[in-house]
Structure formats: structure tokens, C-alpha cells
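**Q** Would you mind keeping the following structure in view while I ask a few things?
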Amino acid sequence: MSIVDAGSAPAVAEDSVARPRRTVDRVLAGNAWMVFAFLYLPILVLIVLSFNDNDRVGVWTEASLRWYGEMFQHSRIMGALRTSIVVAVLSTAVSTVLGTAAALSLERFRYKSQRAFDGLLYLPVIIPDITMAVMLLLFFVQAFDIVLLVTGVGMSRGLGTITLAHIAFNISFVALVVRARLSGLDSSLEEAAADLYASRWLAFRRVTLPLIAPGVAGGALLALTLSLDDVVIAEFVSGAGTTTLPVFVFGALRRGISPLINAVSVLMLVGSILLVVGSLAISRRRTGG
Amino acid sequence: MATTLTPPDTDDTSVPPADLPPGLERNAEKAESRRGFLIGLPAYAYLVLFFAIPLAIVVVYSFATRSPSGLTVLADWNLRSYVRLTDSLVLAITWRSLWIATFTTVVSLVVAYPFAYYLATRPPRTRAILLVLVMIPFWSNFLVRTFAWRLLLSSDGPVTRILEFVGFANPRLLFTPTAVIIGLVYGYLPFMILPLYASLERMDHSLVEAARDLYATGWEAFRKVTWPLSKPGVIAGSILVFIPSFGAYVTPEVLGGTGTTMLGSYIGRQFVGTASDWPFGSSLSVAILFVMMIAAMFYFRSGGKDL
């Protein structure tokens, strides 16, 4: 309740306007709690069911860690987990640098081929996952055929192709987030720095970068999330041996649900939550210190 | 050296302002545009190699032939894969994908807008906490969240039990379009909330107060001030929800049944197993991309003109 009051109390004086606003606030708060319930209840159900000892997901017998034990013994699951982490970290690092540079290039400069690049940068966002997956599958099949023909070296799809594919869509998402931040900024601050004889690099490091830092961090976190989230593209560009954890789970789901998959799902959930908490702690220390 | 940023009003770099010495100004501007181009170049080169070229390959494949054994023969170029796009099955699947995606986007917008507004108008401390609470599901894996609904909606799951308890006889949600829409809204709601929040949070709320001071009603202030200012967020959010919903692959596979095949999963099926047909899958991909680009173009254009 105190949350609701704090927002509306000081802004509105005790005139006739106050009443409808309070009602609106109450409706908004109610909607907010419903959204939170909608977002969290399914996750809670999943977590509870992962501790179910029974072989059947829907039938509760007793709480146990049985499925977690089996999960950590499962070499394919552990291998897929490692692949997922490596791909996510590599693709985020590369795409954050490239995406931020592209955003700066498009927002702060004027040159001829800009519009074409603008379109090229937006396409991976607009395109559905499945189309991108098909494109990259055919690309790698074709490229490896050519490599085999020219050099005689046989290459196969796996960790490398998944990483390359993830960078391709992450660049656009990072650029999108950073551009949103840049376009909302007053460029007069950067102009002031330039007027005060700051070099190009100094002005970027001292003025532009701190201003866009939330955008860059947001873009990087989005990239990390999208990489860990991706099933479709990874499924198409991964080989027989190497898959990511989501691809493994998706394959298992097609054969039917099992308590083991519940446990793996909760592992993925815990991983993402640790990621959020960690990134928040880092950003707080940076801004607070 | 005192570098100057390009003034925002000069769009064409080849025309220097008349009252400045033309040679110097032109050199500075040339260096400036070259610098801008070089900064973006690595990203562009990457996208040409891993996006533009793959796209071209799909277009080429869509004109190729499928051999009886299922392999693709890059010869005997033809339009057969495109002719098949007008099959009644393909049209039915397209129509279904379209209405499911539209429904998902509208529901998401209606739920997310008041939510994002609520979030953006909280005091900073509360806002930070609530934002984290939104982020946690957003950061959680999409497949896992979809899978959670499979558990919830299954015949012995909680939702079905509650519906039975309330009085619905034999409720069956799993493997229906409703289940797919629930899964899509659940999956993509944060994509709607976050851009909306970003544009509402950046908004200068004293503008709303100014409107209220000028005797605008709450609704008028919203319609004339808040809504137009949040429009970029609405557009971005709607695109971010509609596009993955239209081409959805995972959700209909996990929550849908035989009667809810959407375009995404139909395309996927052309590339796996012995019944695969890469040229047909390619022509479907080209078609879906074409429709998507036209939709996005219309959307941007109407969004730009509207207000």
C-alpha cells in the first residue's frame, strides 16, 4: 500500500483532481500485481514439481533431490551446459563491441551508405528466428561444401557455427538498444566537450561513454539473454555432437515431459536469476562507488 | 584539434554551407564521414558475411529442385516451390499464424501498457525493485517458461483442475490455439514491457502536469501527451512481440497440437527428416520475410505520420 501512496501523494493537492487519480493508481497497482502473478506462478509450479520424486510429472509422491542427482550425472546435459555458456560469453563480447560501434556510427555521423547499413542492421531483428535459422543452415552447408572442395578439409557444425550465428543476431539487438539511448541524449554535451578542446577520444570516453553506459550494459545483457534463450537457430546450426542446453531440452520435450527435464529447467532458471542478481550487483557498485 | 560534430540539420555532406570557405569545410566533413563509416564497418562486414550472403543463398535455393531422395539439386531452376505457396494448406497455416500473432500483440499491449506506466511513475527505489522483478522472468529461458505452461495446462495440471472446480466440464486447453496464445503472451510480454517502460520513464512527467494545469482531463492528458510520447515504445514493443509470434516455432511445438501448426514450425519441418524439402522451405522463408518487411515498413510509416 505504501508503494501506491508514495507515488501520488505529493504530486496532487487536495482538490477535486485527487480522487480520480487515486482510483487510477489503484487500478494500475491491481494490474501490476496480476502481471506479477502471471509472470511468477508458472515458474513456481515448475520449481515445486522438480522436487517431485515420482516418475510421472503430474503425480506428487514426496520431495526429493533425485532428479538433480541424475542431472549432474548426465554427461550430455553437462556437455550441453558448457557449450551454452561458452557460446553466450563469446557472442556477447563480440556483439557488444560491434553493435555499440554500429550504433555510434549511425547516430553520430553522416555518410553516404548509411541508409543501406541501417536497413542491414534492422533486418536480423525483424526476421523470424526460423528464417534466420534456415538461412544460416544453408549458408554453413554451402560454405563447408566449398571449403571441402577447395582445401579438402571437412568441417562440421558445432560450437563455432552456433557462436557465429549468435553474434549475427546479437549485433543488431545491441545496436538497437544503444541507439535508443543515444537518440534520447542531448548531443550538446558532446559538442560542449568538443568546444572545450577535448580530443575525439577524450570526449567519447568522458562524455559519450558514461552517458550511453546504461544502454551498452543493457544491450550486452540482452545479448547474453538472447544467446542463452535461443533454441531455433542453435538447433539448425548445431551438429550431431554439440548442442546447447535449450536444444537438448527441446529435443527431450518432443519425446514427452519427464521429471529430469524439470530439474534441468530449474537449473537454467537459477542460472538466469544468478545472472540478473550478479549484473545488478556489478552495476550498483559501479554507480555507487 | 577541435573536432566538430556534424550539425544535425545537414543531411547531405556534399553541400557545404555557403558562407564558409568551401575547401576546408569539405575536407573536415569528408574526414568526419569517413571516420563514421570506419567505426561501423566491422559490424557491417560481419552482417554482410553472416546475414546478407546467407539470405542470398536461401533465395537461390528457393529456385532449386528437390530430388526424389530429398536432396537439393542446384540445377534445373524453376518456380515450383513458389507455386506451392498458394496451396490451401499453406494459406490456412498463414492465416492462422497471422491471427494468433495479432491477438498475442494486442493482449500484450493492453496488459503491458498500464503495467509499464505504473512502473515508470513509481519512486526511483520502488521502481528499481519492481524492474528487477520484471527482469527475472525475462531473463529466464524462453523454452523453460513455455514448458512451465505445458505442466500447468496438462490434463492433470493446476489450471485444468481449477477450471474443473469452477464448473467447466472436461476443459482441454493444451494443444489448442488458446494454449499457444497464452504461451506467446507469457513468453513475449517482457519484450512489450521494456520498450514501453523505457519510453515512459524517459518522458518528462511535468508535461502531464502542465496539461492538467491547463484543465485537460486525465484521459485528454494521456491521449495528447503521454500516448504520443510513448509511441516509439509502443511501436518497438509491438514489433518485438508480433514478429517472433508470427514466425513462432517453439511455442506451437511445445503447447500446440496437430491443429495449431504455425508457419514457423511448418518451415522447420521442411528441413528435418527424410521428408525434407529445402527448396520449398526456402521459398516459404523468402515469403515470410517478404511479408514481414512489408508489415514493418507500413508500421514504421504509419507510426511516423500518425502523430
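Values quoted throughout were computed directly from the atomic coordinates according to the rules given, and no laboratory measurement underlies them. Treat the numbers as computed from the prediction; the structure is a model and nothing was measured. Cβ placement follows ideal geometry from the backbone for every residue including glycine, while neighbour counts extend to all protein chains displayed.
**Q** Per residue of chain B, what 222 nm ellipticity follows from adding -39500 (n - 2.57) for every DSSP H run with n ≥ 4, rounded to the nearest 500?
**A** On the way: 14 runs with 209 residues, N = 307.
Calculated at 222 nm, the ellipticity per residue is -22500 deg cm²/dmol.
**Q** So how far apart, in nm, are the two label points at B:Val60 and B:Asp76 if each is 7 Å from Cα heading toward Cβ?
**A** Computed distance between label sites B:Val60 and B:Asp76 equals 2.0 nm.
**Q** OK, next. Suppose we look only past 34 Å in the calculated P(r) of chain B. What percent of the Cα-Cα pairs does that tail hold?
**A** 45
**Q** Can you pull the mean other chain C-beta count within 10 Å for peptide A:186-199?
**A** On the way: counts 0, 4, 1, 0, 1, 3, 0, 2, 5, 2, 1, 3, 2, 3.
Taking the mean over all residues of the peptide, I get 2.
**Q** List every DSSP H helix in chain B whose Cα atoms extend 24 Å or more along the helix's own long axis and whose mean Kyte-Doolittle hydropathy is at least -0.5.
**A** Values: long enough: B:22-47 (36 Å, -0.37); B:88-120 (46 Å, 1.41); B:177-202 (37 Å, 1.16); B:227-246 (27 Å, 1.21); B:278-306 (41 Å, 0.94).
Once both thresholds are applied, what remains is B:22-47, B:88-120, B:177-202, B:227-246, B:278-306.
**Q** Quick one: compute the contact order of segment A:21-92, relative version, from alpha carbon pairs under 8 angstrom and 6+ residues apart, as a percent. Intermediate results must be reported in sequence, preceding the final value.
**A** Values: 29 pairs, mean separation 10.3, N = 72.
It comes to 14 percent, rounded to a whole number.
**Q** Here's another thing I want to ask about it. Of the peptides B:63-71, A:38-46, how do they stack up when ordered by the mean number of other Cβ atoms within 10 Å, highest first? Provide the component values of the computation, followed by the final result.
**A** Working: B:63-71: 12.8, A:38-46: 17.6.
Packing proxy ranking, top to bottom: A:38-46, B:63-71.
**Q** Sticking with this structure for a sec: Cα gyration tensor of the protein assembly as shown, axes a ≥ b ≥ c as square roots of the eigenvalues: rounded (a/c below 1.5), prolate (a/b > b/c) or oblate? Could the numbers behind the result be given before it?
**A** Values: a/c = 1.64, a/b = 1.11, b/c = 1.49.
In terms of gyration-tensor shape, oblate.
**Q** What's the long-distance tail for segment B:22-61, i.e. % of Cα pairs beyond 11 Å? The partial results should precede the final answer.
**A** Values: 529 of 780 pairs.
Tail of the P(r) past 11 Å holds 68 percent of the pairs.
**Q** Follow-up. Neighbour counts of other C-beta atoms within 10 Å: give me A:Trp201, A:Trp33 arranged from fewest to most. Let's see the in-between values first.
**A** Numbers: A:Trp201 8, A:Trp33 11.
By the 10 Å Cβ count, ascending: A:Trp201, A:Trp33.
**Q** As an exercise, use a Förster radius of 25 Å and the Cβ-Cβ distance of A:Arg76 and A:Ser156 to find the FRET efficiency, rounded to the nearest 0.05. Working shown, then result.
**A** On the way: r = 18 Å, r/R0 = 0.70.
Plugging the Cβ-Cβ distance into 1/(1 + (r/R0)^6) gives 0.90.
**Q** Find the relative contact order for segment A:66-288 and round it to a whole percent, using C-alpha pairs within less than 8 Å whose residues are 6+ positions apart.
**A** Values: 220 pairs, mean separation 78.6, N = 223.
RCO, segment A:66-288: 35 percent.
**Q** Could you tell me which helices of chain A pass both thresholds, a Cα extent of 24 Å or more along their own axis and a mean Kyte-Doolittle hydropathy of at least 1.6, with helices taken as whole DSSP H runs?
**A** A:129-151
**Q** Which longest run of chain A has no exposed loop site in it, a site being GluC sites (Glu not before Pro) in a DSSP loop with at most 13 other beta carbons within 10 Å, and the site itself not part of the run?
**A** On the way: sites that count: A:Glu14, A:Glu62.
Between exposed loop sites, the widest span is A:63-289.
**Q** Using a 10 Å cut-off around each Cβ of peptide A:117-125, what is the average number of partner chain Cβ atoms that fall inside? Could you put the intermediate results ahead of the total?
**A** Details: counts 7, 1, 1, 7, 5, 4, 8, 4, 5.
The shielding value for this peptide is 5.
**Q** Using the 10 angstrom Cβ neighbour count as an exposure proxy, how do A:Arg255, B:Arg84, B:Arg145 rank, fewest first?
**A** Details: A:Arg255 8, B:Arg84 15, B:Arg145 23.
Ascending number of Cβ neighbours within 10 Å: A:Arg255, B:Arg84, B:Arg145.
**Q** Restricting to DSSP H runs of at least four residues, report the calculated mean residue ellipticity at 222 nm for chain A, -39500 (n - 2.57) per run over all residues, nearest 500 deg cm²/dmol.
**A** -26000 deg cm²/dmol
**Q** Toward the positive end of the charge dipole of segment B:155-307, about the Cα centre and with charges on Cβ (Lys, Arg +1; Asp, Glu -1), which of B:Leu289, B:Phe246, B:Ala169 goes farthest?
**A** B:Leu289
**Q** Taking neighbour counts of Cβ atoms within 10 Å as a proxy for exposure, in what order, fewest first, do A:Phe169, A:Phe204, B:Phe290, A:Phe250 appear? Walk me through the numbers before you get to the answer.
**A** Values: A:Phe169 26, A:Phe204 16, B:Phe290 10, A:Phe250 23.
Neighbour counts put them in this order, fewest first: B:Phe290, A:Phe204, A:Phe250, A:Phe169.
**Q** Nearest 0.05, what FRET efficiency do B:Ile294 and B:Ala92 give at R0 = 22 Å with Cβ-Cβ as r?
**A** Values: r = 21 Å, r/R0 = 0.94.
Efficiency, from the Cβ-Cβ distance: 0.60.
**Q** Could I ask something else about it? Is there a simple number for the mean count of other chain Cβ atoms within 10 Å of the Cβ of residues in A:37-44, and what is it? Please list the in-between numbers first.
**A** Numbers: counts 0, 6, 12, 3, 4, 16, 6, 1.
Across the residues of A:37-44, the mean count of other-chain Cβ atoms within 10 Å is 6.
**Q** A further question on this structure: Based on the Cβ-Cβ distance of B:Ile129 and B:Ala210, what FRET efficiency does E = 1/(1 + (r/R0)^6) give at R0 = 25 Å, to the nearest 0.05?
**A** On the way: r = 29 Å, r/R0 = 1.18.
It comes out at approximately 0.25.
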